[in-house]
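Peer 1: Submitted below is the structure of interest, expressed as structure tokens.
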Amino acid sequence: MADAGFDPENIFETLADSDVRFVLIGGMAAILHGDAGVTMDIDITPAYDPENLDRLATALRGIRARIRAEGAPNGLPFDCSGEFLRNLGPDGMLNLTTRYGDVDLAFMPSGTEGFEDLKNNAVTVKATGVSLLVASLADVIRSKSAADRDKDRRALPRLRELLDMTGQG
């Protein structure tokens, strides 16, 4: 569904314009810490309070979010509301496609306790003109280790080396 390809700048601007509280996690967080990896999506852990979920739903509607599904290149429509997001539960996940690329929501990423936990060690990074709360490299590693997916196992040695080199551990 991505109209103009992967465009993280517009995703971040839309989230910021809607005052969505979130921590950037995953590959993009690692890249902002200096990782040489490549990612074509944005992974976020939003705060789970009702007001924030309503603001998140507004932002997602603004970027025409649809549920990412195999065999549905334009994604599947869904009730993009704060109520829908609340009904996913505090450990819910949602993989979306938007007009600016893929966005994955994980309220409680593997190995973490969610937004408040990740916020404790997060750093603020100015990226594409927007201040982002970015999970610490140690927390990215913690989550990827717990997720234990093939792509995460391949990235972990590189991320651990970066952590050692930067002294962020």
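The values are calculated or read from the model by the stated rules, or taken from the named source; none is laboratory data. Values in this document were obtained by computation on a predicted structure and should not be read as measured data. Here the Cβ is made from the backbone with ideal geometry for all residues, glycine too, and neighbour counts use every protein chain on show. The accessibility values were calculated without ligands, DNA or RNA, using every heavy atom of the protein model including side chains. Shrake-Rupley method; radii C 1.70, N 1.55, O 1.52, S 1.80 Å.
Peer 1: Considering only DSSP beta bridges where both residues belong to the chain, give the percentage that are antiparallel (nearest 5).
Peer 2: Details: 19 of 25 bridges.
Once the DSSP bridges in the chain are tallied, antiparallel ones form about 75 percent.
Peer 1: Report the Cα-based extents of region 51-124 along its three principal axes, largest first, to the nearest Å.
Peer 2: Over region 51-124, Cα extents along the principal axes are 37, 24, 24 Å.
Peer 1: On a 0 to 90 degree scale, rounded to 10, what angle separates helix 50-62 from the longest Cα axis of the chain?
Peer 2: Here the helix axis deviates by roughly 80 degrees.
Peer 1: At a temperature of 20 °C and a viscosity of 1.002 mPa s, determine how fast region 86-169 diffuses translationally according to Stokes-Einstein, using the Kirkwood radius over alpha-carbon pairs as Rh; express D in µm²/s, rounded to the nearest whole number. Write out the running numbers ahead of the final one.
Peer 2: On the way: Rh = 14.3 Å.
Rounded, D is 150 µm²/s.
Peer 1: Extending each Cα 7 Å along its Cβ direction at A36 and L156, get the distance between those two points in nm, one decimal.
Peer 2: The two pseudo-label positions are separated by 2.1 nm.
Peer 1: Identify, among T39, N10, C80, the residue whose Cα sits farthest towards the positive end of the charge dipole of region 1-86, taking +1 on the Cβ of Lys and Arg and -1 on the Cβ of Asp and Glu, with the dipole about the Cα centre.
Peer 2: Most positive-ward Cα: C80.
Peer 1: Around D43, with a cut-off of 10 angstrom between Cβ atoms, what is the net charge of the other residues, counting Lys and Arg +1 and Asp and Glu -1?
Peer 2: Working: positive: none; negative: D41, D102, D104.
For residues surrounding D43, the net value is -3.
Peer 1: Another one. Near the amide H of D102, under 5 Å away, which other amide H atoms are found, from residues 5 or more places off or on another chain, if H is placed in the peptide plane?
Peer 2: Hits under the 5 Å cutoff: I42.
Peer 1: To the nearest 500 deg cm²/dmol, what mean residue ellipticity at 222 nm is calculated for the chain from DSSP H runs of n ≥ 4 alone, each contributing -39,500 (n - 2.57), summed and divided by the residues? List each step's numbers first, then the result.
Peer 2: Values: 7 runs with 71 residues, N = 169.
My calculation for the chain gives -12500 deg cm²/dmol from helical runs alone.
Peer 1: Let me ask something else about it. If R0 is 22 Å, what FRET efficiency do you get for V123 and R149 from their C-beta distance, rounded to 0.05? Walk me through the numbers before you get to the answer.
Peer 2: Values: r = 24 Å, r/R0 = 1.11.
The calculated FRET efficiency here is 0.35.
Peer 1: Sequence-distant or interchain residues sharing an amide H contact under 5 Å with L132, placed H: which?
Peer 2: Under 5 Å from the amide H of L132 lie the amide H atoms of V125, K126, A127, each far enough along the sequence or on another chain.
Peer 1: Net charge near G82: determine it from the other residues with C-beta under 14 Å of the C-beta of G82, scoring Lys and Arg +1 and Asp and Glu -1. Intermediate results must be reported in sequence, preceding the final value.
Peer 2: Values: positive: R21, R55, R61, R86; negative: D19, D49, E51, D54, D79, E83.
Overall, the nearby charge balance is -2.
Peer 1: Determine the dipole magnitude for region 1-127: charges of +1 sit on the beta-carbon of Lys and Arg, -1 on that of Asp and Glu, nothing else is charged, the reference point is the Cα centre, and the result goes in debye to the nearest 20.
Peer 2: Values: 10 positive and 21 negative charges, 42 e Å.
About 200 debye.
Peer 1: How high is the relative contact order of the chain, in percent, counting Cα pairs under 8 Å that sit 6 or more residues apart?
Peer 2: On the way: 314 pairs, mean separation 44.2, N = 169.
Relative contact order of the chain: 26 percent.
Peer 1: To continue, here is another question. Does the chain come out rounded, prolate or oblate by the C-alpha gyration tensor, with a ≥ b ≥ c the root eigenvalues, rounded set by a/c under 1.5 and, if not, prolate when a/b is larger than b/c and oblate if not?
Peer 2: Working: a/c = 1.58, a/b = 1.45, b/c = 1.08.
It is prolate, given that a/c is not under 1.5 and a/b is the larger ratio.
Peer 1: Right, here's the next one. Using Cα atoms only, what is the angle between the long axis of helix 8-17 and the major principal axis of the chain, expressed in degrees (0 to 90) to the nearest 10?
Peer 2: 70
Peer 1: If one takes the longest principal axis of the Cα atoms in the chain, at what angle in degrees, from 0 to 90 and to the nearest 10, does the Cα axis of helix 137-147 lie?
Peer 2: 70
Peer 1: While we're on this one: Report, to the nearest whole %, how much of the accessible area of the chain belongs to carbon and sulfur atoms, 1.4 Å probe, protein only. Intermediate values should be presented prior to the final figure.
Peer 2: Numbers: 3990 of 8180 Å².
Result for the chain: 49 percent of the exposed heavy-atom area is carbon or sulfur.
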